[in-house]
Amino acid sequence: MKNRRFFLALALLATLASPAALAQAKRRNLPRPGWNMFSKEQDIELGREYAKQVERQFVVVQNRELTDYVNRIGMRLVEKGGLEKYPFSFKVVQEDSINAFALPGGPMYVHTGLLRAVENEAQLAGVLAHELSHVVLRHGTNQASKAQFAQLGALLAGAVIGTGSITGQLAQLGIGLGANSVLLKYSRNAESQADLLGAYTMAKAGYNPIEMARFFERLEAERKGKTPKLVEIFTASHPSPGNRVKAIEGQLPYMPRGPYNASEGDLKRVQAIVAKLPKMAKPAQPGQGSATAPLPNASKPERVPVSRNTRLYRGDGFAIQYPDNWRVSRSQRSVTIAPAEGLVQGHVGYGVIINRATLQRAVNLEQDTQSLINGLAQQNSNLRTVEQPQRITVGNRRALVTKLSSDSPYAGMREIDVLVTVGLDNELAYVICVAPLPDYPSFEPIFQLMIRSISFE
Ligand code: ZN
């Protein structure tokens, strides 16, 4: 037994010292996504909505050969580079500036100016690999999470604020899309991460990773040169972490060694097509996303039935009893349980909303509840705290109950919103029970029954 163990140890040492194992060990040091209040699905949804907006604002080039070429390079990086799967797409937009940008969740846009500026396919692949890395490292929503923690808790509640689109809701927080959007303006640390993962991805896909760094350093130089306008957007949203070539050279020993001879087409031919593209006029810019939809001012239903019989709903990590004549609807992570009569144009007039915010750190129940209330106040008209938070237990967990009030979707009426927040390690689960002020006393028993029935897995 002893001997075998000794040989095993030797064999292990031998594997560890081999270059392949060293590369493997370094691979584990590749950057990973940071903490994020959005789910991966929300990144994808956000990107889809933004893509619609982008395609109204830019001229998307309809040239098969051009688009196919960029797609082949993009998909080669994704597949051979072994990147995490997202619904990636690659389009060319008619813009003279040297830039490319990727929206959260996958849609990418390459400026014709970039196609003109690159000296070889590896440089184009480098910009694409760098952008793809921002997507899989989820830098956009990671930064939005850091910037807008309090408000996002409420925003991601979704159902609380009606059925508005996620981009419309972000717009209300001042998170828009443009050169200065927090979603596309990366920190120097994010840049280093995207360089590192991008370079590794390039090497795996058969492109020389140094070309990416060389191109970025050329753009930096251009910023101080004759035509800074052309590189302005890129260098402003991707600030140089400094010494890009050196940083990547330092990592080369741990990267797949090539041969770096990938080619998906004839770049010169593609550049000739770009030069001959007809100049299309930009579409008229529509107004930015609308603000909070005004409350519907509906008339209050005469009767909202509450069945005495209950049913069990099993959600994502929790279960709750509810009256069997109420309905359950889901939107992202948010679950609304309400009578049909209690829903008014996407607003909840009567009912219960359950949601969770992922913090990726331990919950601080008091503080995070206050942040959530602050966020809710931004999204709900005239929200006020009626009774300060009190401690209770829900499903054997520490919880706080806070009585709030705000304007009801029913004309000229206030409502009671009882907020129950529960700390689940690194998630804040919350339940909001809603009823118009005059009816609240008669709904309190069913709300209490529902809260008491909650269990967590
Ligand atoms: Zn970047």
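Read-outs: derived from the displayed coordinates by stated rules, not from any lab. Remember, predicted model here, so these are calculated numbers, not experimental data. Positions of Cβ are backbone-derived with ideal geometry, glycine not excepted, and every protein chain shown enters the neighbour counts.
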Seminar exercise, completed: Taking a straight Cα-to-Cα line shorter than 15 Å from K282, and setting aside same-chain aspartates and glutamates fewer than 8 residues away, one finds E55, E95, D96
Exercise. Taking the Cα-to-Cβ direction at Q62 and at N396 and moving 7 Å from each Cα, how far apart do the two end points lie in nm?
Worked result: 6.2
Problem set entry | Two-decimal log10 I(q)/I(0) for the stretch 310-456, as the Debye equation yields it once each C-alpha is a single scatterer, q = 0.19 Å⁻¹ | -1.23
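With N set to the number of residues, divide the alpha-carbon radius of gyration of the stretch 25-275 by 2.2 N^0.38 Å and report two decimals.
0.98
Given the pairs K52/K146; K85/K146; K91/K276; K224/K276; K226/K279, which are separated by over 21 angstrom at their Cα positions?
Details: K52/K146 26 Å; K85/K146 24 Å; K91/K276 18 Å; K224/K276 29 Å; K226/K279 24 Å.
From K52/K146; K85/K146; K91/K276; K224/K276; K226/K279, over 21 Å: K52/K146; K85/K146; K224/K276; K226/K279.
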